Amino acid sequence: MVKGSTFTRHWEIAWRGGQTKSTSRLVAEETAIALTYNGSTHAVMMGTPGDLEDFGIGFSLTEAIVERVSEISSIELIPNDLGVEVRMWLDGDRAASLAARRRTISGPVGCGLCGIESLEQARRAPARVKGRGIVFHARDLLGAMQALSPHQILNQQTRAVHAAAFWHPRAGIGLVREDVGRHNALDKLAGAIVREGRSACDGAVLLTSRVSVEMVQKAAMLGAPVIVAVSAPTALAIKTADEAGITLLAIARDDGYGVFTHPRRVLLPDEAATHAGG
């Protein structure tokens, strides 16, 4: 494997169409990614070894370790035989805050809930998003999901990774990030958005995965007013999206979609026809 590659080729004995043959396929890479701050490891995630600067910055923002990217004074990628360390250094106040937070951690935590110390933090109140007067046509949001597949380059090669993308009604799909982990893909997207100096407050986050509470919390930290996902949400994700002021449109497939929260931001087909008729 080439260090840092996101996929490699592997041989397989394939049974297809009633026949067996020896062939090969491209397989997505998965490696350990350690997120460290000021010399201490905060979390170790399994993920795709690509766009890791975006990942480190996005994770720091969506997990409320920093409020602004400027609070990360430096970021460096350190590969080794076991994985990759995303080494970040925080400014003084943020470093002190994180150190105090770490001192109260009493045990290990799971994927998507890294570095927390209580049930209250796991169910933290989501950030409230803006975009009160923004309205999107539902057909445009569905069209955005249908247009996402050609942008999923790694998934076209491996059929094994999730994508998170940012869509704007005038610019279309502008940024796409992929990873074997759905949380990681969204963190990478968050990092890419802020590194390019963009705002997510006037567009939609597109997800090729189910919608769990962590995904909503991360999108809220990013300020995205709309989430569109191909799969279903959990009950807690719906509740959290409602609290955050996020419009959640899920199960978005060729035959339709479901709007679960804040439908005022989505112009449905019948409403669109009424609106067009005056």
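Quick notes on this one:
- With respect to the conditions (1) touching a residue at least 40 places away in the same chain (Cβ under 8 Å); (2) crowded, with 20+ Cβ neighbours inside 10 Å; (3) over 30 Å from VAL27 (Cα atoms); (4) in contact with a helix residue (DSSP H, G or I) (Cβ under 9 Å, 6 or more places away or on another chain), ARG265 lacks only one, and its number is (4).
- Sole residue being modelled with pLDDT under 95 and crowded, with 21+ Cβ neighbours inside 10 Å, chosen from GLU63, GLU67: GLU63
- Residues satisfying the stated conditions in the stretch 214-231, i.e. farther than 21 Å from ARG159 by Cβ, surrounded by fewer than 24 Cβ atoms within 10 Å (Cβ to Cβ) and either free of Cβ contacts under 8 Å to residues at least 60 places away in the same chain or touching a Cys at 6+ places or on another chain (Cβ under 7 Å) (or both): GLY223
- Within the stretch 147-176, the residues that satisfy the criterion of being of a type outside the set (A, V, I, L, M, F, W, C), over 26 Å from ARG25 (Cβ atoms) and touching a residue at least 12 places away in the same chain (Cβ under 8 Å) are HIS168, PRO169, GLY172, GLY174.
- Residue within the stretch 199-213 that is assigned to a helix (DSSP H, G or I), surrounded by 22 or more Cβ atoms within 10 Å (Cβ to Cβ) and under 17 Å from the mean Cα position of the chain (by Cα) present: yes
- Any hit, the stretch 159-179, residues being of a type in the set (Phe, Trp, Tyr), closer than 16 Å to ILE57 by Cβ and either buried (at least 19 other Cβ atoms within 10 Å of the Cβ) or at pLDDT below 95 (or both): yes
- Contact annotation: residue pairs with Cβ atoms under 6 Å, 6 or more positions apart or on different chains, pairing a residue in the stretch 13-40 that is more than 30 Å from ARG87 (Cβ to Cβ) and free of Cβ contacts under 8 Å to residues at least 24 places away in the same chain with a partner that is aliphatic (A, V, I, L, M) and surrounded by 10 or more Cβ atoms within 10 Å (Cβ to Cβ), are LYS21/ALA14; THR23/ALA14.
The values are calculated or read from the model by the stated rules, or taken from the named source; none is laboratory data. Bear in mind that the values here come from a model prediction, so they are computed numbers and not experimental data. Cβ: placed from backbone, ideal geometry, glycine included. Neighbour counts: every protein chain shown.
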